[in-house]
Amino acid sequence: MKLLILDRDGVINYDSDAYIKTLEEWIPIPGAIEAIARLSKAGWTVAVATNQSGLARGYYDQAMLDAMHARLRQLVAEQGGEVGLIAHCPHGPDDGCDCRKPKAGLLKRIAAHYGVELAGVWFVGDSSGDLDAARAVDCQPVLVKTGKGQRTLAKPLPAGTLVFDDLAAVAARLVH
Ligand SMILES: [Mg+2]
Ligand SMILES: [Zn+2]
């Protein structure tokens with residue numbers, strides 16, 4: 001199967017240093033929904049791996065997160081596509097979990113769900129933690145310049161990192 005894994009905040013929707021706490025704050029980046037639908041319709045399974053420490057911090061609850069993801073699925077469905085597994089880490093930075101990126105637990109959960117190997121699978125993110133998680137399991141690290149991407153671009157990147165303007169550009173590369 002053709003598996004693509006995306007970070008959420010800063011890749012699919014606008015990010016905020018104050019966290020995305022409500023459905024109103026969950027606003028897609030222009031072209032991102034269409035990009036996911038385009039990939040899906042071309043046979044790609046598009047999964048999501050997202051840190052959501054706002055849950056542990058009490059900024060929003062599981063029902064709100066579920067509502068955001070239902071919105072995402074609905075918008076992509078309206079474009080004729082489908083969103084695959086959305087794996088999220090609900091923990092805070094001090095919880096010592098194995099899923100909060102840069103740990104690779106979310107990527108491993110997605111791979112186990114689909115019964116595939118992670119080696120070479122593209123993981124698209126906007127933060128160093130995404131790129132480091134990708135590297136940890138031999139995924140192809142892909143950086144987009146949306147979200148925190150410009151900030152991340154100013155730091156040393158893992159060797160072999162691919163850089164694109166945004167998710168639409170990633171889709172344009174993968175779908176011909
Ligand atoms: Mg992000
Ligand atoms: Zn976690």
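The values are calculated or read from the model by the stated rules, or taken from the named source; none is laboratory data. Predicted model only: the values in this text are computed from it and were never measured. Virtual Cβ from ideal backbone geometry, glycine too; neighbours counted across all protein chains shown. Protein only, heavy atoms only, side chains kept; ligands, DNA and RNA dropped before computing areas. Shrake-Rupley method; radii C 1.70, N 1.55, O 1.52, S 1.80 Å.
Tell me, what is the per residue accessible area of segment 64-153 in Å², probe radius 1.4 Å?
Working: 4100 Å² over 90 residues.
I get 46 Å² per residue for segment 64-153.
Give the carbon-plus-sulfur fraction of the accessible surface of segment 101-176 in %, rounded to a whole number; probe 1.4 Å, heavy atoms of protein chains only.
Whole-percent figure for carbon plus sulfur exposure: 52.
Please get the size of the charge dipole for segment 2-174, origin at its Cα centre, with Cβ charges of +1 on Lys and Arg and -1 on Asp and Glu, quoted in debye to the nearest 20.
340
Over the C-alpha atoms of the chain, what are the Rg and the largest Cα-to-Cα span, Dmax, in Å?
Cα radius of gyration and Dmax of the chain are 14.7, 43 Å respectively.
Sorted by accessible area (1.4 Å probe), largest first, how do LYS155, LYS21 line up?
Numbers: LYS155 105, LYS21 60 Å².
Per-residue accessible area, sorted high to low, gives LYS155, LYS21.
Take each uninterrupted DSSP H stretch in the chain, measure its Cα extent along the helix axis, and return the ones at 15 Å or beyond whose mean Kyte-Doolittle hydropathy is at least -0.5.
Details: long enough: 62-78 (24 Å, 0.02).
Within the chain the helices that satisfy the rule are 62-78.
Per the chain: cysteines with no other Cys C-beta under 4.7 angstrom?
CYS97, CYS139 - these cysteines have no disulfide-compatible partner (Cβ-Cβ under 4.7 Å) in the chain.
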